[in-house]
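Trainee: Below is one structure. I have some questions about it.
Only the coordinates and a few stated rules stand behind these numbers; no lab work does. Here the structure is a predicted model, which means the values were calculated and not measured. Using ideal geometry, Cβ is built from the backbone for each residue, glycine included, and neighbour counts are taken over all protein chains shown.
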Amino acid sequence: MVAQMTSVFSSAPQVLILGSGIAGLSAALKFARSPEVQVTLVCKADPAEGATRYAQGGIASVWSKSDSFAEHRQDTLVAGAGLCHQKIVELCVSDGPARVRELIDWGVQFTKTSKGSDPTEVFDLHREGGHGQRRILHADDLTGWAIEKSLLENCRKIPNIRILENHIAIDLIVQKQRQKGAYILDMQSGEIRTLAADVTVLATGGAGKVYLYTSNPDIATGDGIAMAYRAGARVANLEFMQFHPTCLYHPSAKNFLISEALRGEGAVLKNLAGEDFMSRHHPMGSLAPRDIVARAIDMELKRTGDKHVWLDSSPVIAKSGKPELIKKFPNIHEQCLGFGIDITEGLIPVVPAAHYICGGVLVDDNAQSSLKGLYAVGETACTGLHGANRLASNSLLEAVVFAERAVTHAQPLLALRTSASTLPAPLPDWDHGRAVELEEKIDIAATWLEIRSLMWNYVGIVRSDRRLAMAKRRLDLIKNEVNATYWNYLLTKDLIELRNLLTVADLIVQCATLRKESRGLHYTVDHPEIDERHFKHDTVI
Ligand code: FAD
Ligand code: SIN
């Protein structure tokens with residue numbers, strides 16, 4: 001069954017936000033401060049579902065008196081391996097404390113320390129890989145959930161925000177290089193709506209599902225990046241997929257993360273022979289930047305033939321005791337117990353998995369893409385903050401900083417609508433041509449698995465020219481098949497996601513093939529050195 005709904009125009013300025021994680025929700029709360037603006041927040045699952053709710057470690061921001069903007073900036077630049085945009089790093093770091101205060105005002109309960117009466121020292125601060133200081137505010141080890149819950153509760157109370165859940169955006173509508181809205185499939189009714197907007201914000205999160213093993217939830221299929229690319233917006237730096245070093249290794253654990261904050265408290269990576277192999281790779285040992293740790297584990301697994309390494313929490317226990325370990329990491333403790341692993345006994349089996357895409361929709365310092373009125377915020381965007389490798393816990397920070405900037409920058413576009421005397425011409429409705437209902441889902445599932453497996457095997461932590469060429473050949477075949485059949489069937493969520501996943505996989509391979517050097521998260525055995533002369537720039541497509 002399929003129906004269509006024509007775009008409904010109104011004289012109120014319309015903001016369309018695709019995604020209800022930290023990026024989408026914080027943008028919605030800010031846009032809605034103007035009571036005449038109508039905000040529509042679209043999410044393809046339950047509104048609380050997305051990477052945000054699973055964030056563990058926390059949000060990085062200079063908070064303690066012993067820390068400084070200069071140090072946070074420096075740690076970000078070092079992790080980014082020469083590709084961070086200095087100005088963006090500067091503004092994210094210096095806006096950080098104000099944005100964190102805003103989260104607190106919205107009701108987010110960060111964990112407090114019992115010590116000290118100085119307000120700057122009230123919050124307990126974690127440390128993670130690549131950070132020279134304790135600067136990560138957290139809510140135990142469930143920071144993302146604390147943020148998602150508070151922001152969503154606030155949005156639900158505001159009359160000029162409407163939330164469309166279980167609605168998936170299919171494509172953006174663009175006319176003369178300006179965004180005009182999007183086509184949205186109501187997954188329950190099968191209806192495709194044409195939503196007109198003066199401003200559209202892509203806040204659709206990451207693309208970890210492009211890889212076979214990932215810490216990401218199922219929604220992370222790169223939809224925003226794929227839609228923007230199809231609409232003609234520029235995308236960048238997609239070769240920089242961050243692999244988190246410590247995802248739980250267990251046959252029933254689909255994607256459970258063991259926070260880097262545990263290493264920040266003293267836990268150490270060891271191979272199955274009990275050797276602290278990280279001390280051979282980097283002076284910061286287990287707390288080295290993520291790209292280095294993930295690659296070292298990958299090398300260790302290839303060298304030994306083992307299936308996982310250990311994260312040994314016994315140094316934390318020796319320092320603080322078991323009750324303190326449980327107090328600091330209650331969720332990790334409970335979830336691991338559910339898999340029969342007691343973190344207070346010391347050894348936790350871990351492996352790297354695709355975690356965070358540093359590239360995305362290329363935006364300027366106001367979060368605007370190369371298409372007027374189209375903004376991208378959160379993991380879907382490439383702002384220049386992360387360069388070739390994101391510093392841990394900088395992504396929640398980036399999302400709130402750029403939500404603020406997008407909202408401020410978009411005000412003149414909304415004011416234009418308020419002052420306009422006529423309504424714009426209606427947009428064309430979605431045309432499903434002669435499409436028929438899909439009979440079997442098996443093809444989609446099989447193709448999805450094929451893409452994810454080939455990306456893991458050929459475009460993973462360690463790459464080569466040969467493997468990238470193989471990936472391209474296979475993806476070209478799959479693209480031909482999918483393009484030949486895509487328009488024959490009425491759209492479903494699975495079909496839409498498959499096309500997006502394929503587009504993003506293809507873009508990752510394109511970017512990785514262009515970068516003939518090893519930098520940050522992109523490591524290739526054929527060009528193992530950094531090449532400052534030819535490649536100290538973003539990969540823009
Ligand atoms: P998300 O929170 O992923 O939200 C995406 C939204 O887009 C969802 O609402 C989804 O339904 C919607 N959506 C997607 N496609 C469509 C579509 N086609 N149509 C409609 N809606 C769509 N970062 C840190 O800084 N600190 C941490 O401690 C941390 N820990 C992490 C732990 C885990 C396990 C993971 C996976 C990530 C972690 N990260 C962390 C990264 C961080 O959580 C994410 O980068 C961030 O939450 C992304 O927020 P977002 O708003 O961009 O997207
Ligand atoms: C973690 O808690 O290890 C994740 C932090 C991040 O990805 O920023």
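Trainee: For a 23 Å ceiling on Cα separation, which of these pairs sit above it: Lys209/Lys516; Lys149/Lys441; Lys209/Lys479; Lys209/Lys307?
Mentor: Details: Lys209/Lys516 25 Å; Lys149/Lys441 34 Å; Lys209/Lys479 17 Å; Lys209/Lys307 21 Å.
With Cα atoms farther than 23 Å apart: Lys209/Lys516; Lys149/Lys441.
Trainee: While we're here: Check the straight Cα-Cα distances from Lys180 and name the aspartates and glutamates below 14 Å, setting aside those fewer than 8 residues away within the same chain.
Mentor: Asp171, Asp198, Asp429
Trainee: Report the label-to-label distance for His534 and Arg234 in nanometres (one decimal), using points 7 Å from each Cα along the Cα→Cβ vector.
Mentor: 2.2
Trainee: What spacing in nm lies between the two simple spin-label points modelled at Asp364 and Ser11, each 7 Å away from Cα in the Cβ direction?
Mentor: 3.1
Trainee: Next up: Write out the GluC sites (Glu not before Pro) in the range 105-194 meeting two conditions: DSSP loop, and at most 10 other Cβ atoms within 10 Å of their Cβ. Could the numbers behind the result be given before it?
Mentor: Working: sites: Glu121, Glu128, Glu148, Glu153, Glu165, Glu191; in loops: Glu128.
Taking the range 105-194 and a limit of 10 other Cβ atoms within 10 Å, no loop GluC sites (Glu not before Pro) are found.
Trainee: If you filter the range 469-541 for GluC sites (Glu not before Pro), then keep DSSP loop positions with at most 16 other Cβ within 10 Å, what is left?
Mentor: Counting only loop positions with at most 16 other Cβ atoms within 10 Å, the GluC sites (Glu not before Pro) in the range 469-541 are Glu529.
Trainee: Beyond 27 Å between alpha-carbons counts as too far, so tell me which of Lys44/Lys157; Lys65/Lys327; Lys270/Lys536; Lys87/Lys372; Lys254/Lys493; Lys30/Lys493 fall in that bin. Intermediate results must be reported in sequence, preceding the final value.
Mentor: Values: Lys44/Lys157 21 Å; Lys65/Lys327 25 Å; Lys270/Lys536 34 Å; Lys87/Lys372 22 Å; Lys254/Lys493 21 Å; Lys30/Lys493 29 Å.
Long pairs (Cα-Cα over 27 Å): Lys270/Lys536; Lys30/Lys493.
Trainee: Order of Thr524, Thr52, Thr304 from fewest to most other C-beta atoms within 10 Å? Please report the intermediate quantities before stating the final value.
Mentor: Numbers: Thr524 20, Thr52 30, Thr304 14.
Ordered by Cβ neighbours within 10 Å, fewest first: Thr304, Thr524, Thr52.
Trainee: How high is the FRET efficiency between Lys441 and Ser94 when r is their beta carbon distance and R₀ equals 51 Å, given to the nearest 0.05? Write out the running numbers ahead of the final one.
Mentor: Working: r = 49 Å, r/R0 = 0.96.
Efficiency, from the Cβ-Cβ distance: 0.55.
Trainee: Round to a whole angstrom and tell me the spacing of the C-alpha centers of the range 284-358 and the range 379-457.
Mentor: Between the Cα centre of the range 284-358 and that of the range 379-457, the gap is 33 Å.
Trainee: Where in the range 31-84 are there trypsin sites (Lys or Arg not before Pro) that are in a DSSP coil and have at most 12 other Cβ atoms within 10 angstrom of their Cβ?
Mentor: Numbers: sites: Arg33, Lys44, Arg53, Lys65, Arg73; in loops: Arg33, Lys44, Lys65.
Of the trypsin sites (Lys or Arg not before Pro), the ones in loops of the range 31-84 whose Cβ has at most 12 other Cβ atoms within 10 Å are Arg33, Lys65.
Trainee: Quick check on the chain: of the DSSP beta bridges with both residues there, what percent are antiparallel, nearest 5%?
Mentor: In the chain, DSSP labels about 60 percent of beta bridges as antiparallel.
Trainee: If you don't mind, another one. Which residues' amide hydrogens lie under 5 Å from the amide hydrogen of Ile357, considering only partners 5 or more residues apart or on another chain, with H built in the peptide plane?
Mentor: Amide H neighbours of Ile357: Ala207, Gln242.
Trainee: Quick one: dipole size for the range 127-214, taken about the Cα centre, charges +1 on Lys/Arg Cβ and -1 on Asp/Glu Cβ, in debye to the nearest 20.
Mentor: 340
Trainee: Efficiency by 1/(1 + (r/R0)^6): what FRET value for Glu324 and Lys157, r their Cβ-Cβ distance, R0 = 30 Å, to the nearest 0.05?
Mentor: Step by step, r from the Cβ atoms, then E = 0.20.
Trainee: How far is the Cα center of the range 135-188 from the Cα center of the range 459-485, in Å?
Mentor: That distance is 32 Å.
Trainee: If you don't mind, another one. Whole-Hz ³J(HN,Hα) for each residue in the range 355-367, computed from phi via Karplus 6.51 cos²θ - 1.76 cosθ + 1.60 with θ = phi - 60°, x for glycine and proline: what do you get?
Mentor: Here the 3J(HN,Hα) series is 10, 8, 9, 6, x, x, 6, 5, 10, 8, 6, 10, 6 Hz.
Trainee: If you take the charge dipole of the range 387-541 about its Cα centre, with +1 on Lys and Arg Cβ and -1 on Asp and Glu Cβ, which of Leu438, Leu468, Asn480 is farthest toward its positive end?
Mentor: Farthest along the dipole direction, towards plus: Leu468.
Trainee: May I pose another question? Can you give the net charge of the other residues whose Cβ lies under 9 Å from the Cβ of Leu172, counting K and R as +1 and D and E as -1?
Mentor: Net local charge, Leu172 excluded: +1.
Trainee: Quote the FRET efficiency, to the nearest 0.05, computed for Gln74 versus Trp106 with a Förster distance R0 of 30 Å and r equal to the Cβ-Cβ distance. Walk me through the intermediate numbers first.
Mentor: Numbers: r = 30 Å, r/R0 = 1.00.
The value I calculate is 0.50.
Trainee: Sort the range 183-260 into rounded, prolate or oblate with this rule: let a ≥ b ≥ c be the square roots of the eigenvalues of the Cα gyration tensor; rounded if a/c is under 1.5, and if a/c is not under 1.5, prolate when a/b is larger than b/c, oblate otherwise.
Mentor: Numbers: a/c = 3.06, a/b = 1.68, b/c = 1.82.
Cα axes put the range 183-260 in the oblate bin.
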